[in-house]
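The values are calculated or read from the model by the stated rules, or taken from the named source; none is laboratory data. Source: prediction; values computed, not measured. Positions of Cβ are generated from backbone atoms using ideal geometry, with glycine treated the same way; all protein chains shown enter the neighbour counts. With ligands, DNA and RNA removed, areas are computed over all heavy atoms of the protein, side chains included. Shrake-Rupley method; radii C 1.70, N 1.55, O 1.52, S 1.80 Å.
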Amino acid sequence: MNVAHLLVDGSRRAGGADALVFEGRRTSYPELVDRVARVAAGLRRLGLRPGDRVALLLPNRPELVEMLWACFWGGFVAVPLNWHLHPDEIAYVVEQSGAAAILVSAETSAAADMLPPQVRIIRATAAEGTDASTAYSAVAAARPLDMAAVDDADPAWLFYTSGTTGRPKGATLSHRNLAAMTAAYHADIDPVAPGSSFLHAAPLTHGSGLYLLPAIGRGATNVISPSGNFSPGDYLGQIERHKITHAAFLAPTMLNRIVRDPQFAKYGLSGLRSIVVGGAPLYQEDLRAAVNAFGPIITQMYGQGEAPMTITVMPPGDALAHPGSCGRPFGGIDLRIVAQDGSPVPDGSDGEVIVRGAVVMNGYWKNPKATAETLVDGWLHTGDIGHLDPDDGYLYLTDRAKDVIITGGSNVYPREVEEVLLTHPAVREVAVVGVPDSEWGESVVAYVVTDRTLGADELVGLCKAHLASFKKPRSVVFVDDLPKNATGKIVKRQLREETHLADRQIIR
Ligand code: AMP
């Protein structure tokens, strides 16, 4: 089954609704189907064969959506890339994936110009002052291509990991993976009623792009917000203006900024029925604030590029009843918690989360070593540490294995310290990391963004009142902002690297 069938099906269900809306430009479903089939034909005309990779390197634009679906349609493999990547990183991924073509925009064409000549460059927007669409529209052939017949296991999307450790790896997602993810969304998150409209503010090359599948599959309208400078005011304004029913996907840091927007109350948000949040921990204080602001419409999900979107889900009604949990496994996901040697842990104990099911990737593209380390007997080793409530099966993620701090021989899960710090009314954002320490092996450092001046002792005292003493931060660093990647995740690696330079308040 070619996952592009979702587009045909969605077009039949759309009942005249627009497929895409971008800055006043509207694309109807029949137009989108036609363009996708003609762009796919154009790629064939350029000499691309089914199975060839096409890199997508541009901010949120309708062309990105068209090309993504043209790849599915023609049996090509889409390689969506974060457009903020450094040219060296882009060159690495293009080479590693063996991309035959790359779609770029004005923002990214300089990086593409440095690629080897065999990579065909397709320009979605030309340089300033020239016809913005000429180059791209020249790709679309006059006659549409018949949808390619593909095998379920054929790759459809290479989802390059953010590369927080080492070189990025391409999680190879098949047509089957994407179809299973879409079905899981419809079954366990939302069936997407006729007349729904999704707002995509996060990058479509990453999390939000995945939400195009369940939205398009049901003929919903997709309002595309230009990615780059996320502004809570613009976002809320678009929800009101476009009568948005679904906030496609928000990182917790984006949700927090929206909820704290001083103008929040002035926007009419009554049509909004669903906000999906995920990709990073959603802290209890932040969830509570969001539910207070929006009502019980927040779905938390846990997934990763290797098992996109659908490992666990916390439905809106359940969220506050299971504080700190990211929900229960989606239907069809087999989830276990294991010790480092792969053996099961005692009920309710922490260990690595491993999963298997139809959403789990084929493997990492042309990287058998990393694949063998991560996929063991069909089980995906997520690298996330957590525990299951033995009675009701809710999953509590503690941390990424690599973020766990070992101080004086004891494990500290940053998340538990972060949860406590966030209960202080003046603390807006936190990130707790471990840094090398000659005495303790590692020591706990808290990076904190506050609304007003605070003393480090006050925060350390708060931790001491709620946690074992060895878990309290030994240093507190007050900062104006925490480093975040394009998807809004806090980049802890950068904090660990910076810590030795920071002017920190040391508490001993
Ligand atoms: P990525 O592959 O870039 O989407 O990152 C996936 C990782 O983000 C997961 O392995 C988790 O560590 C983290 N993550 C995703 N969703 C959640 C969640 N709901 N709660 C905590 N961490 C999450």
Revision key, fill the gap. Expected unfolding gain across ILE406-HIS86 under the 0.36 nm per residue rule, minus the alpha-carbon gap, is 111.9 nm
Review point. What nm value, rounded to one decimal, do you get for the distance between GLN340 and ASP234 when each label is placed 7 Å out toward the C-beta?
Key: 4.6 nm
Study note, to complete from the structure: Straight-line reach check, LYS169, cutoff 21 Å on alpha carbons, 8 or more apart in-chain or any other chain, hits among lysines -> LYS366, LYS369, LYS402, LYS484, LYS489, LYS492
Check your understanding: Can you pull the accessible area of GLU429 for me, 1.4 Å probe, Å² to the nearest 10?
Key -> 30 Å²
Check your understanding: Say each of VAL291 and GLU373 gets a label point 7 Å from the Cα, pointing the same way as Cα to Cβ; how far apart are those two points in nm?
Key -> 3.9 nm
Exercise for review: Please work out how much accessible surface ASP347 shows to a 1.4 Å probe, ignoring ligands, DNA and RNA, in Å² rounded to 10.
Suggested key: 130 Å²
Exercise for review: Looking at region 5-383, send over the antiparallel percent of its DSSP beta bridges, to the nearest 5.
Suggested key: 50 percent
Check your understanding: Distance from the Cα centre of region 283-352 to that of region 377-429, in angstrom?
Key -> 11 Å
Practice item. Can you tell me which of 43-52, 257-266 comes out highest on packing, and rank the rest after it, using the mean Cβ neighbours within 10 Å? Key: 43-52, 257-266
Exercise for review: Tell me what the chain gives for mean residue ellipticity at 222 nm when only DSSP H runs of n ≥ 4 count, each as -39,500 (n - 2.57), the sum divided by the residue total, rounded to 500 deg cm²/dmol.
Suggested key: -8000 deg cm²/dmol
Practice item. Note the angle between two axes, namely the Cα long axis of helix 29-45 and the longest principal axis of the Cα atoms of the chain, as a number of degrees from 0 to 90, rounded to the nearest 10. Key: 80 degrees
**Study point:** Segment ASP389-ARG241, extension gain: residue separation times 0.36 nm, minus the distance between their alpha carbons
**Key:** 49.1 nm
Revision key, fill the gap. Packing-ranked peptide list from 241-248, 230-237, 9-16, highest mean Cβ count within 10 angstrom first, is 241-248, 230-237, 9-16
